[in-house]
Ligand SMILES: *Cc1c(COP(=O)(O)O)cnc(C)c1O
């Protein structure tokens with residue numbers, strides 16, 4: 001039997017990708033904010049209805065340069081333990097201290113009622129995750145951040161195409177980041193994005209991702225977080241299919257919902273959100289039940305994985 005992987009990547013028709021490759025061969029442009037990357041940024045900006053979107057080399061460097069652009073180089077960052085390791089590791093990599101706040105049972109996102117108790121004089125920011133594309137309580141987080149003068153970074157790696165009250169989930173916080181990794185619904189093989197609410201922060205992000213310099217003028221410490229024309233080509237191919245991908249995922253989601261017993265808990269999709277159906281999280285009673293179900297479902301095909309394990 002053919003193996004089906006739980007995170008099988010979408011691949012566009014090969015001839016469509018080859019057409020972009022021919023374009024690259026003709027232009028000789030391989031990277032450094034090439035024309036395909038600029039084109040993809042324009043299309044994403046329209047598609048997601050956000051300003052100041054910049055594509056970067058991956059979703060982890062996006063989190064790291066977000067902290068740099070907001071001048072957060074030490075202190076505590078309030079975050080969630082229920083995420084992929086990159087959320088916490090990017091905080092540690094930037095030599096800040098993650099302070100974990102528990103999650104809410106109905107969204108699996110950070111519990112906003114518990115954030116204030118975790119704030120200390122060393123707190124600089126809140127880094128929350130729209131886990132599985134379910135939105136955080138963005139309004140409560142914004143109010144807390146304003147009251148305590150904290151920066152907000154959203155790890156929106158799972159939230160491509162998701163909306164909160166009609167507004168893109170990538171349009172909240174000082175900066176939202178996204179991952180365009182091959183396992184995400186919209187991907188550029190490797191890749192990611194930063195979306196800044198403020199044009200000055202966006203300018204700083206742009207400088208930092210290009211080694212901190214423009215021509216011979218060096219302004220700040222930077223790094224290489226650029227995406228190549230090959231990544232842009234993959235993105236341009238895939239973006240054409242993203243509505244179709246999400247529609248097909250929605251149909252599968254609805255089928256699972258209709259067949260799965262209500263004793264298996266899964267978060268509800270709130271009426272004020274538009275979901276992207278990137279994941280179908282199910283919460284089991286205990287480890288034994290989880291492992292039993294996984295053993296059966298994965299015996300023939302790898303249909304499930306334990307998030308975020310260990
Ligand atoms: C995928 C992911 C990342 C990291 O993105 P990469 O593009 O793989 O570096 C960060 N946070 C979360 C929640 C993710 O799922």
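Readers should treat all values here as calculations from the given coordinates under stated rules, not as data from a laboratory. Because the structure is predicted, anything quoted here is derived from the model rather than measured. Here the Cβ is made from the backbone with ideal geometry for all residues, glycine too, and neighbour counts use every protein chain on show.
Per-structure values
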| read-out | value |
| --- | --- |
| Most mobile listed residue (206, 52, 298) in the chain, GNM with C-alpha springs under 10 Å | 298 |
| Shape call, the stretch 14-239: gyration tensor on alpha carbons, a/c limit 1.5 | prolate |
| Sites residue 287 and residue 116, calculated FRET efficiency, Cβ-Cβ separation with R0 22 Å, nearest 0.05 | 0.10 |
| Helical mean residue ellipticity (222 nm; -39500 (n - 2.57) per DSSP H run of 4+; nearest 500) of the chain | -11000 deg cm²/dmol |
| Choice from 262, 89, 168 with maximal GNM fluctuation in the chain (Cα, 10 Å cutoff) | 262 |
| Two-site label geometry, residue 261 and residue 97: point separation in nm, points 7 Å out along Cα→Cβ | 4.6 |
| DSSP bridge orientation in the stretch 14-239 - percent antiparallel, rounded to nearest 5 | 50 |
| Centroid-to-centroid separation of the stretch 1-80 and the stretch 126-190 [C-alpha atoms, Å] | 16 |
| Ascending count of other beta-carbon atoms within 10 Å, so fewest first, for 17, 308 | 308, 17 |
| Cα gyration tensor category, rounded, prolate or oblate, for the stretch 32-124 with a/c compared to 1.5 | prolate |
| Prolate/oblate/rounded call for the stretch 13-57, Cα gyration tensor, a/c under 1.5 rounded | oblate |
| Residue-span extension gain [residue 268 to residue 308] - 0.36 nm each, minus C-alpha spacing | 12.5 nm |
